[in-house]
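Below: the structure, in structure tokens.
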Amino acid sequence: MREQGQVVDHDKDGRDNSAPSAGILMSGTETALIQTTICRWLVALRVHHWTKSGFCLAALLFHGAVFDGSAWSAVLPAAVCFCLISSAVYLANDIFNRKEDRCHPNKRDRPIAAGYIAVRAAWVVVTVLVATALGLSFVFYGLGSVTLVLIAYYLLSWLYSFCLRGLPLVDVLVIGLGFVARVAAGAFALQSFDFTAHPTGWLVGCTYFLALLLGFGKRKGEWLLMESSEMALGSTRRALRGYTAELLNVLIGCSALCAGSIYVAYCLSRSDWVPFVLTAVPALLGLLSYLKLAWRSTSVETPEYLLLRSWSLLISLGGWLVLVGWFTAIR
Amino acid sequence: MRLAASVVAVLWICLEIWAVGPVMRESDQASLLEGSLQLVAKDRAVAANDSYNYDKQYLSYWITAAWLKVRMTDDKRSMEIAREGNLLAITFYALALLAAVGARKRWSGVQVAVLYGALFTPVLSFSGVFLSPNMLSASFLLLLAVMLRHEHERSGTDTPRGSQSGIRVCLVGVLAWAATAARQDALLLMPLLALFAAQEESLRATLRDQRVQAMIVGTGFAIILGLLLSEKFAVLPAPFFVLPTFLAFVGGGLGALLLLVITFAFGLVSRGSLFRVLMALSVLLPLIFYGCVLYTPRHLFLPALAILLTLFSDRGRACWDRLGQGRWGRFAVIVTLLSTALPWVVGVRMAGWKQASIVTSAPTLYPSTDGFWPMGAYGEFLGRLANGMKEPVDHNQRVWGAWNTIVPGDLPPGKGAVLSSGLVSYGAFHLALFGREKASTVQDADYVLFDERTLGKRQRGVNATEGSNRSTLLSLLERGHIRPLGGDMGERIFLWTPGNEGDPEQRPDNGVSLKLALHDYFNGNDFTVRPWGREQWKSKELAGHRGIVAGRDRSALEAMARRLGTPTDLKQIGSSYDSTTWWTVPITAKEWNSLAAGSALEMQNLWTAFGTLPNFMDVRKYAGAGSSR
């Protein structure tokens, strides 16, 4: 095991020279090596972040087509495309940020930063993933809205990696757009299969502010982590220099308020608002639970694991899904 | 600063009392008066009452009935009754406001600024001069906010937390009942009052507070009693959300106060406390709720009142003071101060989307389901409202004025029905005032009364040029005869009686014929038709409005077109009322004025019509157009 803070020796291709040689391991346990390699690739591809592609399914839920097999077959390819392209984005991001990541207490163990995955191999995988995602989208949806949203998302991600990630506020605002792209793609996917769904202002607004909430929560977590580890702000993420704990608290609170208000307004604007407004109860409880975490702990730094750490969030989300599923199904 | 707060409140009250007149602004106002009149006359009982929204505002009916009983003499006419109703609303509200302002000993500059911003916001200012359940309910809410303040501030001594005198708790319960019984949507402000009155920032402690418990009991009792007393239950209007309408109504109704609402709510959530997030949500709750049923800027009354109520709670006042100490908060307050004052003086006149100019009088009006609202120049508009029965602002005053000219003796015996595009209650009120029985349907009626406007206007809330009331009216015209009973300011009230055995000498009514003929030209939007020279059309105000000159005689129109120097491209239109045709030439108000100056004799038989709104405002694109209200 590498000790904390140890600087890794890399060659010009980014290969980790301090890692044990492959030949020695192969001579030992070939299976273990394969398993380790697969695990490293899975980590590098951020498979656990594929849960974010679940936002593509939001249209399915709000269109009342949760129990419609054809609707699922319309939306799932879009979700898969987003899984693939987001993995490509993460991988490319890791390639570009490998030097910064090596200074981060958690990120330095990332396979590319740690040198377990060669940069050249990572580029090959990035290309394959992007080609597969776009190809899949073209096959299923043609050169329509879904493919265009996918391309826009990919371009935005590049813009984020190269220019915008260092700008405070802008970095999170752009990340929020990525979530909106997922939701919009899901709605467009349904539309392209002759469903009447479309990304409504409610859906887009609610998703965006929810994404901002998660984004600012993540920054707050990172900010607290930096403070507790007594590292200089901005050593791992330049944009952090522009934030303060107070500003992040305000942004988190305002994002939560906007997301909650838009959701309640959406519930009230539906023709079946009398039962549907009940879904606002778990939604607001979930928001309050998240706020409690965001204001008081560093756990929000990794939003993808949040559900595993907070029972109240898990129960709220579960309750909300059940209620929304029920009300849209009986509509 | 207490003096400054008092001056602001007194100034506002004086302004409102000055603007109170015998003016009708919306149909709900007439419904309330009608129901109250029937309570006074004992035509309807207190229980099993089927008045409009009785289950949700029964106390407003009772208060209005009691007021009319005391103030009304036997010979009072509808105009005077309308004035009495309007006076009742401002009297109640003014007394409650003065009590609330006077009950607070200390006022900071920020608090005074917020008081000014809230009171002078368009929705509160324009609502203040008319009778509405909102105003009566708001009076009780203001008193409730005063009763909810902490005991130690009132007595000036330290009393143990949580200890409340029994009388005070009872009063809180009664006021909560009264506010909800006067208008049920006061319910939306109860969370705000409870959370802002809590002595500790804890939801559990708030619910244990005896005052909050009394509020819950009072509110619940008001709702249950409403259900028991009413014979029918009003359902909420169908929700809808149209972003441009929402923005226009919020901008026009709340104005600069919106900035304070948002700043206040965001200021609360930035404190990093879940309780404060709930407080912020409670401030936004009325706005969120009404955002989806925003048929008129008047519906923003509660969001504006929410800000006013925060000024009378300890926690709310502390929040405002803290907000005033911050840079952003101070900025928001200053911007609100300036942005509240400015539109009272200047407004916008728009002839089209790209033709706007700044004016200090006669700004462009925009439609809502109640009536027209101004794009700024609020001071001048308030003056116009005060004088509304001489120079009407919109159809409400014109139609109400026309109804006011009806003599009871002209009505035939039997049951009467009223047909109108949105203003049925004006006729129903007059039937109640004359002690005449109202038929529940047109089929049951011995006669039908309708206003001329309905001939050319679609029914609100229907996304079509045709409405059900107008359709019924057209079918009636085919199997009966009509005669005008009265009229004023370009509107007439007609009496329809069944059968074709009418007066053989009676000639077809040209006004009715033309109104029906021009319905398609104006696309179902409101318009006014007048014989040539009867009305001085104001060319500045009518810039961008669709206009037309019509006549039976083609040669007169051709002569007119020659004088205008326009090609004599006359268009022929037919009317479903009679078999004769009309010849028409489009015209602008400016052109009309140039012709009117040297009006020739042959033009005296011509008619002129102008849309009441600029051409770019098609009401079918506006609030609730697609809803099933």
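Structure notes:
- Among the conditions (1) in a helix (DSSP H, G or I); (2) touching an Asp or Glu at 6+ places or on another chain (Cβ under 8 Å); (3) surrounded by 20 or more Cβ atoms within 10 Å (Cβ to Cβ), A:Thr51 misses just one, which is (3).
- Only one of the listed residues (B:Gly251, B:Gly291, B:Gly316, B:Gly326) is without any contact (Cβ under 8 Å) to a residue 12 or more places away in the chain and either farther than 22 Å from B:Arg149 by Cα or not basic (Lys, Arg) (or both). That residue is B:Gly251.
- Here A:Met226 passes the criteria (1) under 25 Å from A:Pro105 (Cβ atoms); (2) free of Cβ contacts under 8 Å to residues at least 24 places away in the same chain; (3) at the interface with another protein chain (Cβ under 9 Å from one of its Cβ atoms) except the one numbered (3).
- Verdict on A:Gly253 being free of Cβ contacts under 8 Å to residues at least 60 places away in the same chain and small (Gly, Ala, Ser): yes
- All positions within the stretch B:309-359 that are part of a strand (DSSP E or B) and aliphatic (A, V, I, L, M): B:Val348, B:Met350, B:Ala351, B:Ala356, B:Ile358, B:Val359
- Members of the stretch B:275-288 that are among the hydrophobic types (A, V, I, L, M, F, W, C) and either more than 7 Å from chain A (Cβ to nearest Cβ) or surrounded by fewer than 21 Cβ atoms within 10 Å (Cβ to Cβ) (or both): B:Phe275, B:Leu278, B:Met279, B:Val283, B:Leu285, B:Leu287
- Output for the stretch B:68-87, where each listed residue is under 23 Å from B:Gln184 (Cα atoms) and touching a Gly at 6+ places or on another chain (Cβ under 8 Å): B:Leu68, B:Asn86
- Qualifying positions in the stretch B:88-103 - crowded, with 18+ Cβ neighbours inside 10 Å and either without any contact (Cβ under 8 Å) to a residue 24 or more places away in the chain or hydrophobic (A, V, I, L, M, F, W, C) (or both): B:Leu88, B:Ala89, B:Ile90, B:Phe92, B:Ala94, B:Ala96, B:Leu97, B:Ala100, B:Val101
- Flag if A:Val281 is among the β-branched types (Val, Ile, Thr) and touching a Lys or Arg at 6+ places or on another chain (Cβ under 9 Å): no
- For the residues B:Gly272, B:Gly255, B:Gly251, the requirement of being small (Gly, Ala, Ser) and touching a Phe, Trp or Tyr at 6+ places or on another chain (Cβ under 6 Å) singles out B:Gly272.
- Residue in the stretch B:55-73 that is crowded, with 18+ Cβ neighbours inside 10 Å and in contact with a strand residue (DSSP E or B) (Cβ under 6 Å, 6 or more places away or on another chain) present: yes
- Residue, nearest to A:Thr328 (Cα to Cα), within the stretch A:272-288, restricted to residues that are facing another protein chain (nearest Cβ under 9 Å) and in contact with a Ser or Thr (Cβ under 9 Å, 6 or more places away or on another chain): A:Leu284
- The number of residues in the stretch A:193-204 being surrounded by fewer than 19 Cβ atoms within 10 Å (Cβ to Cβ), in a helix (DSSP H, G or I) and not β-branched (Val, Ile, Thr) comes to 2.
- Subset of the stretch B:528-551 [part of a strand (DSSP E or B), touching a helix residue (DSSP H, G or I) at 6+ places or on another chain (Cβ under 9 Å) and either modelled with pLDDT under 80 or not basic (Lys, Arg) (or both)]: B:Thr528, B:Val529, B:Pro531, B:His545, B:Gly547, B:Val549, B:Ala550, B:Gly551
- Residue list for the stretch A:240-271, restricted to those being β-branched (Val, Ile, Thr) and either within 8 Å of chain B (Cβ to nearest Cβ) or over 18 Å from A:Leu203 (Cβ atoms) (or both): A:Thr244, A:Val250, A:Ile252, A:Val264
- Some residue of the stretch A:36-50 being at pLDDT below 85, within 15 Å of the chain's Cα centre (by Cα) and under 22 Å from A:Val183 (Cα atoms): yes
- Residue satisfying condition, being hydrophobic (A, V, I, L, M, F, W, C) and within 14 Å of chain B (Cβ to nearest Cβ), within set A:Leu129, A:Leu203, A:Leu164, A:Leu155: A:Leu203
- All positions within the stretch B:346-397 that are more than 21 Å from the chain's Cα centre (by Cα) and closer than 19 Å to B:Asn525 by Cα: B:Met350, B:Ala351, B:Gly352, B:Trp353
- Here B:Val250 does not qualify as within 11 Å of another protein chain (Cβ to nearest Cβ) and either under 21 Å from B:Leu294 (Cα atoms) or of a type in the set (A, V, I, L, M) (or both).
- Selection count, the stretch B:343-361, where residues are surrounded by 13 or more Cβ atoms within 10 Å (Cβ to Cβ) and without any contact (Cβ under 8 Å) to a residue 12 or more places away in the chain: 2
- So A:Glu246, is it among the acidic types (Asp, Glu) and not assigned by TED's automatic domain parsing to the domain that holds A:Leu317: no
- Residue list for the stretch B:520-576, filter: touching a residue at least 12 places away in the same chain (Cβ under 8 Å), at positive phi and over 27 Å from the mean Cα position of the chain (by Cα): B:Gly533
- Qualifying position, being in a helix (DSSP H, G or I), closer than 18 Å to B:Met375 by Cβ and touching a residue at least 12 places away in the same chain (Cβ under 8 Å), among B:Leu300, B:Leu268: B:Leu300
The values are calculated or read from the model by the stated rules, or taken from the named source; none is laboratory data. This one's a predicted model, so the numbers in the text were calculated from it and none came from an experiment. Cβ atoms come from the backbone with ideal geometry, glycine included; neighbour counts cover every protein chain shown.
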